[in-house]
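Working notes, beginning with the structure itself.
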Amino acid sequence: MADYDMKKADVIQVKGAHGQHAYAQEEMTAFADHINYCLGKDADLDYLMPIDPSGTDLCKKVKDGVLLCKLINLAVNDTVDERALNKKKEKNSVFQINENLTLAINAAKSIGVQTINIGAGELKEGEKHPHLVLGVIWQIVKIQLLNSINLKNHPELVRLLEQGEELADLLKLPPEQLLLRWVNYHLKNANHPKKIANFSNDVKDSVAYTILLNQISPKACDKAALNENDTTARAKMVLANAEKVGAHPFVKPADIASGNAKLNLAFAADVFNANPGLEKLSEEEIQKAGLMDDDFGDSREERAFRMWINSLGIDEVYVNNLFEDCKSGIILLRVIDKVEPGIVNWKKVEMNPNNRFKMLSNDNYAIELGKQLKFSLVGIGGSDITDGNKKLLLALVWQLMRYHTLKFLAEVQKAKFGGGEVTEEMIVKWANEQVKTAGKSSTMSSFKDDTLSSGIFFLDLLSAVDARIIDANLVTAGETAEDKLLNAKYAISVARKLGATIFLLPEDITEVKPKMIMTFVASIMAISK
């Protein structure tokens, strides 16, 4: 639930299998309004739109998966290849609806949405589980609103650096913290004494918003709201000003005035995305700040490993920046304990690593445990993790992901075939046998095989797993770069439709990234019958 006074909110109690659950009606209303605005004109959704914001109509509209997939693509473009969706003309069975929902859930995981205890069944009966539907919708909307609030998309955020800070200090801040700092930057520039520390109690009087909007656009946004004593009326004036700077707020005045943390965060993000009011950097300033470095921003591997960790459902673990968040060793140790339960002796762990010595102790222990798991860690020490050595951290996390994948496959192998070690060579052999048995001619020699770039082998493999899952009319010859990318996108969405949890991007296939391709084929193996 949101971090605000629930007595002031329109809170609905729902009886579930595990007790009472509550959700706020104003959040249901706000997200319905937002989706109506963003997707209301989508022809594929004409049978669902508009969503009635007054009740739980949103929970009904997610039950076939199409709306969810469209919303996911709004959050992160091209996550779902819509050619793999069973849309209204073809979607005529419970089986096809389940495919859509499975695709939606696995696509959501791939962009960082936590989906613990949520399956196709809960979404199909969304009216019975409004708190779960709302939880998923909020995470997707939050990603949509916050996805571009970073230094890669907005180098001018460097202006938020405070005295004594370096670029790394900004890089480690999640978007929510950047937004808080952004608001405070404008308040400080206005010589206003107010400073906010949250998007609940500190903003519900609308004072910070009034000053913020006036700083962004002094000609369009006056400070007349400060003369209004009623906080709801003041919030109404703030929303009118937000529209003047190009924002499309979907929150209501009462949402701001009640201090609803989720909806106030959404409002602040909406304003930032419309007009951050920060002076653009010159080329000289960009170079001076180090924003031209080749390794600046997210690499695809970092993104994949970060999303994998977030999908594990570990309590109190959510990674925003893999390199910064792993420095203290706590997250690494929690992941190690997840993939090999009981291996971590928590008495050896510094649970409050507030200095370099304690961080180094944790990181040394993580390396020690990695060696116990037979990882190849030659030349990697705890200090490399503490110092944020990107290449060496990626090497460690990759081996954790690989270990977890092979361990899971071994469990699948035991259940299906009575056991046996699973190796990368075995996965390659299995994939070739499946494709050959299905009467297809494509093959792979290894996960580095250049012919894999066409995507044909993966489509043949998926067809071997389920003969009716691939529409041959959508498969290209895979000869041009464009055709290869189309095949890769289709293969990934079809795999998710079948139930595979994967984190690679289409470019990982077209560029033949062996690590990611290994996890992709292993995930297909795991869902095969």
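We did not get these values from a lab; they are worked out from the coordinates using the rules stated. The shown structure was predicted, so the numbers you read here are calculated from the model rather than taken from an experiment. All Cβ positions, glycine included, derive from the backbone under ideal geometry; neighbour counts span all protein chains shown.
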(message) Using the Cα centre of the chain as the reference point, and only Cβ charges (+1 on K/R, -1 on D/E), how large is the resulting charge dipole? Debye, rounded to the nearest 20.
(response) 1060
(request) Can you tell me the 0 to 90 degree angle between the C-alpha axis of helix 456-465 and the longest principal axis of the chain, rounded to 10? (result) 80
(request) Relative to the longest principal axis of the C-alpha atoms of the chain, give the angle of the C-alpha long axis of helix 207-216, reported between 0 and 90° and rounded to the nearest 10°. (result) 80
(message) Looking at the chain, identify the longest residue range that excludes and avoids all GluC sites (Glu not before Pro) in DSSP loops having at most 11 other Cβ atoms within 10 Å.
(response) 167-278
(message) Between 0 and 90 degrees, rounded to the nearest ten: what's the tilt of helix 175-189 against the longest Cα principal axis of the chain?
(response) 30
(message) Using +1 at the C-beta of Lys and Arg and -1 at the C-beta of Asp and Glu, which of LEU281, ALA220, ASN364 has the Cα lying farthest in the positive direction of the dipole of the chain?
(response) ASN364
(request) Express in nm, to one decimal, how much length is gained between LYS195 and ASN153 on full extension, taking 0.36 nm for each residue of separation and deducting their alpha carbon distance. (result) 12.6 nm
(message) At 222 nm, what value in deg cm²/dmol follows for the chain if DSSP H runs of at least 4 each add -39500 (n - 2.57) and the sum is divided by all its residues, to the nearest 500?
(response) -16000 deg cm²/dmol
(request) Could you work out how far apart the two model spin labels at ARG300 and ALA477 are, taking each label as a point 7 Å from the Cα in the direction of the beta carbon, and quote it in nm? (result) 2.4
(request) Sticking with the crude label model, points 7 Å out along Cα→Cβ, report the distance from GLU507 to GLU165 in nm, one decimal please. (result) 2.8
(message) Exceeding 20 Å between C-alpha atoms, which entries from my cross-link table qualify? They are LYS391/LYS513; LYS348/LYS371; LYS70/LYS142; LYS484/LYS513; LYS152/LYS448; LYS407/LYS529.
(response) LYS152/LYS448
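Write down the Å³ per residue value for the convex hull defined by the alpha carbon atoms of the stretch 300-405.
In the stretch 300-405, the Cα hull volume divided by residue count equals 93 Å³.
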(message) Suppose each label sits 7 Å from its Cα in the direction of the beta carbon; what would the LYS348-ASN227 distance come out to in nanometres?
(response) 6.8
(message) Show me, for the stretch 516-523, the HN-Hα J-couplings you get by feeding each phi into the Karplus relation (A = 6.51, B = -1.76, C = 1.60, θ = phi - 60°), rounded to Hz, glycine and proline as x.
(response) 6, 5, 4, 5, 5, 5, 4, 5
(message) Can you give me the C-alpha center-to-center distance between the stretch 221-237 and the stretch 139-217, rounded to a whole angstrom?
(response) 21
(request) Counting other beta carbons within 10 Å of each Cβ, put ARG303, ARG496 in order, fewest first. (result) ARG303, ARG496
(message) Of ASN147, ASN389, MET516, which is farthest towards the positive pole of the chain's charge dipole, taken about the Cα centre with +1 and -1 on the beta-carbons of Lys, Arg and Asp, Glu respectively?
(response) MET516
